[in-house]
Amino acid sequence: MKYRTLKLATISAAAIVLATPLFSQEMVKTVYSPVVWQNNETLVMASMSAGKRVFAEYNVKIGEVKTLNEMPQAAKKASVSLRNGDIFYTPISGTDKQLTKTTESEKNPVLSPDGKVVAYTRQNDLYTINIEDLKETRYTSDGSNVILNGRSSWVYNEEIFGRATDYCAFWWSPDSKKLAFFRFDDSQVPMFPIYNFSGKHGSVTEWRYPKAGDKNPDVRLGFADCTTGMVVWADFNEKEDQYIGTPYWHHNSKSLIVQWMDRDQSNYRIFMTNPEDGSKKEIYKEYQKTWVDWLDEVKFGVNGIYMVRDFELWEQIYYLPYNGDGLKRLTDGKNWGIKLFLLDEEKGLLNFTARREISTRNDIYSLKWGKDFKKPMVSRLSEGEFNYATSLFSPDGKYVAAVRSNISTPSQLVLVNAEAKKDRLKILSDSKADQFDKSKLAIPEMLFIQTPDGYTIPATVVWPFNMDKSKKYPVLVNMYGGPNSGSVMDTWRTPSPTAQMWVQEGVIQLNIDHRASGHCGKEGMNFIHRSLGKVEIADYILWIKYFTQMPFVDSKKVGITGFSYGGTMTLLALTEGADYFQYGIAGGGVYDWLLYDSHYTERYMDHPADNPEGYKEASVLNKVAKYTSEKGSLLRITHGSSDDNVHMQNTMQLIEELQKIGKHFELMIYPGGMHGYRGAQGKHSNDEDIRFWKKVLLNK
């Protein structure tokens, strides 16, 4: 596969690769994914067949994929779950056991590492229960609608811990003897009401949601002793204007590694915290003029931490001793999206994946070093121009199973021999069906352009079927646009029925990124500091200038759509970029950054008191006069009425400004809809989007 980096002066219609007809479901089948290594030589894999999960195994010595009748023992784990608000324990074999039976609902049951105890919250207090004798222990007693023990405040769940944690804010020690947990005090956090329209009188849900500049929740870090039932509080001042990030237990259970950040998010600290008395010792500090991100990728060694940081404008792997005595950089180059995998300190080895060769592909690497970390060296283990994902290393690190693909090649499960000098890769499972090569599938093409100041950014394009270069074709742009959230990758995506419909209808489909979306490292992201939207829309305009100079592109029929941050960018495209974008569908967008949450917004924009002009300039509400509906442009706005992330307040204030100056637009509200439309609402939204685009782009 060859890539093209194009400057605006080099645009040529001859460079276009024409697409071919529609996608058939017979062209691609389900590929196996790696599940677990039973030992150093046997890999367990899983796939979906007729809606059911099926298993197989591959032995590297035998060299064959063997189908299994059931889930292998190595893939089974004891688990806990909630049923109608009560906790049930499911052993590896045997009968399920009900652990709780209460009028109140339990939340977030988590099994201890030794498999004997379950921790959970009930009415915002922290509990454990012994599986054998059902003895329950309560550690806190002040839980309320504003005091949350072991359950996270909204802004922490959304922006710090992550949605996947489902508001869980406690962590088991490796020896199963202690629980670290957060206590949040939301009493001073402003309440945001969300109205529910159902029923005769409706109802209101109250969310404690700090917007930019608002009071954040006070937070304490506690240690619950599962033997004594006592709680020790860590030595952090809960009244300080601060954030405390996801903590990590040391493997010896004798200390907790705690992340701390000031409200400005420019000063970052790591502390070793003693669970016996709550004392702490600083072992690392970092300052960046723009902002500092939390530590997400980390491995814990015998004497120190292997971690990923970006303060040198690209991501690197560093080694930090637990005593904080000196930081050692172990990698170089332009890395981004590093994920750490197998660590073997005896061999001086750490395996990782990263976008290192090119910004649109992940590759697999080994990092090796000598005594005292001398002469660290990175070697590429993966092969070819593929994006490698779902990497799973064998316990001894000799083999790695990974799912790989690229924009024109469906997914394959491959096995890489990390120690081989040649012929190191074998394909175990391939999703390309027999009809794939015989088909005439419209495959996206990847393009790159260079900004005037030298940054390379990517896009993908799908050209219409049987293009006639003497005609003019409309353009439909899809994007997201958020910081470090690029949507353009050299990876296979099964074409959706809607995307394939546009191929037949004669619409050029674009997916575009900008310099702050992760392709240009922290260096590119720093451009957005204190001015969200400005650089992003400038790069988007650059893309449209590039395409509309092609003689077969209709510069008067350019549509753009996105959701959430993409909704914000759609509005910017139809205002700041009104000379280039005529039509847009904006879903669930932030239209004034004063209306979004504190941690996310201030990370990029700083506190409103410190950047009032920046907030004013970034607000879409101040730009609606630039929207040219009187010249035929058309904006469609959608929002879910119960969106707890980006409040419908954004859309209500936007349409108020549009109404004040007599601008024409379309509006669709989804009653009870959250941040994204599902079920019947999702289908309705998709159908209405198609109707809109056919009307404005195809005059149908």
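Only the coordinates and a few stated rules stand behind these numbers; no lab work does. Bear in mind that the values here come from a model prediction, so they are computed numbers and not experimental data. Methodologically, a virtual Cβ is constructed for each residue, glycine included, from the backbone with ideal geometry; neighbour enumeration extends over all protein chains shown.
For segment 398-427 and segment 555-576, what is the separation of their Cα centres, given in Å? Spelled out, the Cα-based centre of one part sits 39 Å from the other. A straight chain from LYS61 to LYS215 at 0.36 nm per residue would run longer than the Cα-Cα distance by 49.4 nm. Within the chain, the selection of entire DSSP H helices by a Cα span of 27 Å or greater along the long axis and an average Kyte-Doolittle value of at least 0.5 returns an empty list. Candidate cross-link partners of LYS422 among the lysines, defined by an alpha-carbon separation under 29 Å and a same-chain spacing of 8 or more, comprise LYS2, LYS61, LYS66, LYS334, LYS339, LYS347, LYS368, LYS371, LYS374, LYS375, LYS398, LYS432. So I have (i) 44, 28, 27; (ii) 41, 34, 27; (iii) 56, 36, 21, and one of them is semi-axes √(5λ) of the Cα gyration tensor in Å calculated from this model. Which one is it? It is the one labelled (ii).
Protection proxy ranking, highest mean first, for peptides 72-85, 469-482, 117-130: 117-130, 469-482, 72-85, where packing is the per-residue count of other beta-carbon atoms within 10 Å, averaged. Residue-normalised convex hull volume from the C-alpha trace of segment 542-629: 98 Å³ per residue. Return the FRET efficiency for the residue pair ASP142, ALA609: r is the Cβ-Cβ distance, R0 is 45 Å, and the value is rounded to the nearest 0.05. That pair, ASP142 with ALA609, gives E of 0.90. Each of the peptides 235-242, 645-652, 585-592 was scored by the mean count of other Cβ atoms within 10 Å over its residues; in descending order, highest first, they stand as 585-592, 645-652, 235-242.
Scoring 509-521, 216-228 by mean Cβ neighbours within 10 Å over their residues and listing the highest first yields 509-521, 216-228.
For segment 580-700, the spherically averaged projection of the C-alpha convex hull amounts to 8.5 nm². The length gained on full extension between LEU667 and ARG53, counted as 0.36 nm times the residue separation minus their Cα-Cα distance, comes to 216.9 nm. Centre-to-centre separation between the Cα atoms of segment 449-464 and those of segment 636-654: 31 Å.
Think of each Lys and Arg Cβ as +1 and each Asp and Glu Cβ as -1; about the Cα centre, that makes the dipole of the chain roughly 2020 debye.
Charge tally for ARG356 (other residues, Cβ to Cβ under 13 Å; Lys, Arg +1; Asp, Glu -1): +1. With Cα atoms as the point set, the radius of gyration and Dmax of segment 75-154 evaluate to 12.9, 41 Å. Mean separation of Cα pairs under 8 Å and 6 or more residues apart, divided by the residue count, gives the chain a relative contact order of 11 percent.
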